Ligand code: GDP
């Protein structure tokens, strides 16, 4: 799935053959590494920061005769990446929902993201995932702007035998969210999933709208949904939502078509927030929990 990014990493390690890593070699390797990262859809700002971090960590390194220098480089790369992913941490949504449910309160998840990234599909996939774990779910149709958005969510919910809380188009999304919370409390539903609008043209209004919903419903978890195929865009969207609304974890959709993997690395590195799921297709079961160990392992294996 992430072959191209993997190649970027293995190119760095195999480029270093000398026993002593001198500055010139390192500059060349760093330059090529940065290009390879960008070619793998790593955002420019992240590629620069990552390269300079790796370069700093390697500067002045001497390698024992018996040791393969590329192993040393591989270890350093691993350490730099692991530290970024460790800082972002991991999330056990089901455990968090169960804990909240023991206190008799619904766990509220707010979905954020730009139209077309796969947000509504991801709401349905997460609902399906939670249902299979024995968690009861209700959805709220918080996109009251885009024509068809309420019907789209309702259709998914019907297929999954779930209730949708909705109002008419043009209604205040925060009020829809609040209705969802009231419904979940009254019916003792474990988890409320709130879909939201994602129109691109009016970023400022969108951010204000999202911030208002968040103020009103006080979600336990905010999931940012990004299209893995959009590389730099996914990261600038992540930064935007993180700055104005804040989020706790990301879903990367269309990872089935993503041969590069740069978006996952970029979002974690840039926002310090974990990727929690990958969307890997169009059906409800096409959602896999993101496995950091596996991701890093596959990038650095040779
Ligand atoms: P929204 O506007 O963000 O709510 O986007 P939608 O949920 O309507 O999804 C947009 C399109 O992307 C639809 O055709 C989905 O079937 C498709 N889609 C969503 N997630 C995935 C995924 O993980 N893989 C693939 N291949 N397609 C996806």
message: So for the range 234-243 (the condition being over 12 Å from the mean Cα position of the chain (by Cα), within 12 Å of the ligand (Cβ to nearest atom) and outside the structural domain of residue 78 (by TED's automatic domain parsing)), does at least one residue qualify?
response: no
query: Between a first residue in the range 101-115 that is on the phi > 0 side of the Ramachandran plot and a second residue that is near the ligand (Cβ under 9 Å from one of its atoms) and modelled with pLDDT under 95, which pairs have beta carbons less than 6 Å apart while being 6 or more apart in sequence or on different chains?
result: 113/198
query: In the range 99-114, what residues are crowded, with 17+ Cβ neighbours inside 10 Å, in a loop (DSSP other than H, G, I, E, B) and more than 15 Å from the ligand (Cβ to nearest atom)?
result: 106
query: Only one of these conditions is not met by residue 60: (1) surrounded by 15 or more Cβ atoms within 10 Å (Cβ to Cβ); (2) on the phi > 0 side of the Ramachandran plot. Which number is it?
result: (1)
query: Say we look at the range 153-169 and pick out the residues that are assigned to a helix (DSSP H, G or I) and farther than 21 Å from residue 217 by Cβ; which of these is farthest from the ligand (Cβ to nearest atom)?
result: 158
field: In the range 175-188, residue farthest from the ligand (Cβ to nearest atom) [restricted to those that are touching a residue at least 40 places away in the same chain (Cβ under 8 Å) and touching a strand residue (DSSP E or B) at 6+ places or on another chain (Cβ under 8 Å)]
entry: 187
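Among the residues of the range 189-209, what is the count of those that are within 16 Å of the ligand (Cβ to nearest atom) and in contact with a strand residue (DSSP E or B) (Cβ under 6 Å, 6 or more places away or on another chain)?
So in the range 189-209, the residues within 16 Å of the ligand (Cβ to nearest atom) come out as 193-203, 206, 209.
With in contact with a strand residue (DSSP E or B) (Cβ under 6 Å, 6 or more places away or on another chain) added as a condition, the list becomes 193-196.
Here the count works out to 4.
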query: Condition test on residue 54, is it assigned by TED's automatic domain parsing to the domain that holds residue 254 and surrounded by 13 or more Cβ atoms within 10 Å (Cβ to Cβ)?
result: no
- request: Quick one: residue 11 ticks every box in (1) on the phi > 0 side of the Ramachandran plot; (2) modelled with pLDDT under 75 except a single one, so which number is it?
  value: (1)
- request: State all residues of the range 231-243 that are free of Cβ contacts under 8 Å to residues at least 60 places away in the same chain and farther than 27 Å from residue 94 by Cα; if no residue qualifies, say none.
  value: 233, 240
message: From the list 212, 254, exactly one residue is surrounded by fewer than 24 Cβ atoms within 10 Å (Cβ to Cβ) and within 12 Å of the ligand (Cβ to nearest atom). Which is it?
response: 254
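Mind listing whichever residues of the range 48-60 are assigned to a helix (DSSP H, G or I), free of Cβ contacts under 8 Å to residues at least 60 places away in the same chain and closer than 19 Å to residue 75 by Cα? Walk me through it before giving the result.
In the first step, residues of the range 48-60 are kept if they are assigned to a helix (DSSP H, G or I); the result is 48-58.
If we keep only those that are free of Cβ contacts under 8 Å to residues at least 60 places away in the same chain as well, we get 48, 51-58.
Selection gives 51, 52, 53, 54, 55, 56, 57, 58.
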- request: Inspect the range 120-128 for any residue being buried (at least 19 other Cβ atoms within 10 Å of the Cβ), touching a residue at least 40 places away in the same chain (Cβ under 8 Å) and not in a helix (DSSP H, G or I) and give the result as yes or no.
  value: no
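Is it the case that residue 163 is touching a strand residue (DSSP E or B) at 6+ places or on another chain (Cβ under 9 Å), within 24 Å of residue 92 (Cβ to Cβ) and without any contact (Cβ under 8 Å) to a residue 40 or more places away in the chain?
On the way: touching a strand residue (DSSP E or B) at 6+ places or on another chain (Cβ under 9 Å): yes; within 24 Å of residue 92 (Cβ to Cβ): no; without any contact (Cβ under 8 Å) to a residue 40 or more places away in the chain: yes.
Against the criterion (touching a strand residue (DSSP E or B) at 6+ places or on another chain (Cβ under 9 Å), within 24 Å of residue 92 (Cβ to Cβ) and without any contact (Cβ under 8 Å) to a residue 40 or more places away in the chain), residue 163 does not qualify.
Can you give me the number of residues within the range 132-150 that are within 13 Å of the ligand (Cβ to nearest atom) and in contact with a strand residue (DSSP E or B) (Cβ under 9 Å, 6 or more places away or on another chain)? Give the derivation first.
If we filter the range 132-150 for residues that are within 13 Å of the ligand (Cβ to nearest atom), which is where we start, we get 139, 141-143, 145-150.
Right, trim to in contact with a strand residue (DSSP E or B) (Cβ under 9 Å, 6 or more places away or on another chain) and you get 139, 141-143, 149-150.
Going through the range 132-150 one residue at a time, the tally reaches 6.
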- prompt: Any idea which of (1) assigned to a helix (DSSP H, G or I); (2) touching a residue at least 12 places away in the same chain (Cβ under 8 Å); (3) more than 24 Å from residue 291 (Cα to Cα) is the one residue 147 doesn't satisfy?
  reply: (1)
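The values are calculated or read from the model by the stated rules, or taken from the named source; none is laboratory data. This one's a predicted model, so the numbers in the text were calculated from it and none came from an experiment. We place every Cβ from the backbone using ideal geometry, glycine too, and count neighbours over all the protein chains shown.
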